[in-house]
Amino acid sequence: MGNAAPQLASTNVLERRSIDYVPDAERHGSLLSQCTLWLSANLQITAIVTGALAVVFGGDVFWSLLALLIGQFIGGAVMALHAAQGPQLGLPQMISSRVQFGVYGAMIPIIAVCLMYVGFTASGCLLAGQAIGQLLHMDDNLAVIGFGAVIVAVTLCGYRVIHGLGRLASVIGVVAFVYLFSRLFATQSIAALLADRHFSSGSFLLAMSLSASWQIAYGPYVADYSRYLPRNTSLPRVILAVGFGSILGSQTAMTFGVFAAALAGPAFAHHEVAYIVGLGAAAKMAGVLYFCIAFGKVTVTALNSYGSFMSMATMVSGFQRRVQVSAVHRSVYVVTMVSLSCALAILGRHSFLQAFESFILCLLAVFTPWSAINLVDFYCFTRSRYDIPALSNPDGRYGRWNRMGISIYLIGIAIQVPFIATAFYTGPLVATLGGVDISWIIGLIVPGLLYYTFGSASRRRAPSQLLLPS
């Protein structure tokens with residue numbers, strides 16, 4: 001009888017855990033499901049559009065593809081290192097930030113994370129809405145709202161349903177992209193596109209930044225989807241499974257986006273979905289591809305919605321001194337976030353491309369310092385030795401505010417400002433570097449070194465071993 005409840009929790013479709021610790025008896029899943037989840041999360045239309053931006057904003061095909069690949073590996077390494085924390089700690093990603101920032105102080109990066117979720121969910125609803133509108137011959141705004149309702153339902157079901165959709169979406173995504181590439185190579189002169197080369201350091205680093213930011217932006221919630229893995233799962237194998245799936249999926253989709261933008265020219269903006277389908281589809285296949293695009297957005301948009309719920313619950317729980325979240329509160333969090341995202345998608349649909357490019361580049365300035373601090377602390381100082389009950393106690397081991405961690409984080413953001421180059425803002429040192437944005441590189445290196453030098457108190461705060469809830 002004593003094992004009945006944990007077994008029920010691990011097999012039930014509706015998840016009952018949220019930001020609380022996942023006991024060993026409820027652990028399940030495999031590395032294959034991690035790979036397929038992140039493969040499907042990247043084999044989708046937003047990744048295609050992100051790759052297209054490298055060409056839309058001045059790059060050629062050959063150098064854009066190379067730069068995107070380099071950025072994938074840099075950002076994918078950061079993202080996959082975060083993923084390995086999940087099975088070690090049995091916790092979602094952002095609540096573990098209380099070790100570095102304090103129980104209350106962790107809200108500072110979490111606020112930025114919530115903004116990220118809203119932006120990415122809005123982009124997913126917009127592009128999926130375009131596909132559904134074409135497929136069902138309905139108004140795009142209504143399609144956005146309908147898609148948002150599906151995301152709410154999937155998110156409320158939780159972890160197991162999201163992973164199941166990831167497995168199905170990975171198969172659909174692979175088939176769709178094999179077909180799209182086969183049509184592309186059969187009907188277009190790809191060799192001519194690759195031969196037209198004009199290297200520009202600014203365009204090259206912009207493409208690197210696009211793919212690196214795409215991968216790094218998963219960091220704040222990638223462990224949310226690995227925390228149910230058994231604790232004895234090999235850390236290097238988690239890194240490889242997650243990293244391989246994410247890098248392969250995103251580079252595949254972004255490569256298609258580069259080709260599509262190069263072929264389309266100005267026709268790509270505001271008609272992204274229709275143009276992509278038109279490249280690969282005869283009339284009979286158009287409906288199938290519109291369905292694949294819409295279904296491909298379900299997994300990643302649910303990831304963002306689920307992560308938003310986890311982050312908002314983490315903020316609120318810091319003041320409530322508990323980590324359990326009721327079903328009612330869970331529903332309120334999810335519906336509020338998805339509704340806001342749908343509203344933004346509808347209001348901003350006519351200026352999507354430029355706004356999205358600036359949005360994901362600005363994300364780097366916020367998330368690279370957080371990633372650097374979190375990874376240095378986990379792999380160099382604490383090494384899985386967390387006091388999990390203290391994470392919900394402002395008077396405990398980690399305190400309310402960790403001034404050192406917060407200060408380094410804010411310095412990491414501030415030091416990037418002179419080097420940022422987006423449509424929203426261009427730093428004073430960008431011109432001297434030939435228009436090249438190197439802010440994200442500085443944002444990874446400087447905070448990491450500062451925390452390694454001055455944040456060693458985290459090692460002294462760490463218990464001798466992982467302390468679990470009773």
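General remarks:
- Ranking L81, A462, C292 by how far each Cα lies toward the positive end of the dipole of the chain (charges on Cβ) leaves A462 at the top.
- Net charge dipole, the chain: roughly 1240 debye, given to the nearest 20, about the Cα centre with Cβ charges of +1 for Lys and Arg and -1 for Asp and Glu.
- With all projection directions averaged, the alpha carbon convex hull of region 1-142 covers 13.0 nm².
- Rg followed by Dmax, in Å, when region 133-246 is reduced to its Cα trace: 19.4, 50
- Applying 1/(1 + (r/R0)^6) with R0 = 25 Å to the Cβ-Cβ distance of L433 and I70 gives a FRET efficiency near 0.90.
- Value of [θ]222 nm, deg cm²/dmol, for the chain, DSSP H segments ≥ 4, -39500 (n - 2.57) each, nearest 500: -22500 deg cm²/dmol
- If R0 is taken as 25 Å, the Cβ-Cβ distance between H329 and L115 corresponds to a FRET efficiency of 0.75.
- Cα lying deepest toward the dipole's positive end in the chain, options S189, V154, W63, charges on Cβ: V154
- Spacing of the two label points (7 Å from each Cα toward its C-beta) at A153 and S200, in nm: 4.6
- Of the residues A264, S392, Q130, the one whose Cα sits farthest towards the positive end of the charge dipole of the chain is S392 (charges of +1 on Lys and Arg Cβ, -1 on Asp and Glu Cβ, taken about the Cα centre).
- A simple spin-label model places the labels of S182 and S234 3.4 nm from each other, with each point 7 Å out along Cα-to-Cβ.
- Debye equation applied to the C-alpha atoms of region 30-345, log10 I(q)/I(0) at 0.09, 0.12 Å⁻¹: -0.44, -0.78
- Added length on full extension, which subtracts the Cα-Cα distance from 0.36 nm per residue, A191 to A423: 80.3 nm
Every number in this text was worked out from the coordinates using simple rules, so none of it is lab data. Please read all numbers here as calculations on a predicted model, not as lab measurements. Ideal geometry is used to build each Cβ from the backbone, glycine not excepted, and the neighbour counts take in all protein chains shown.
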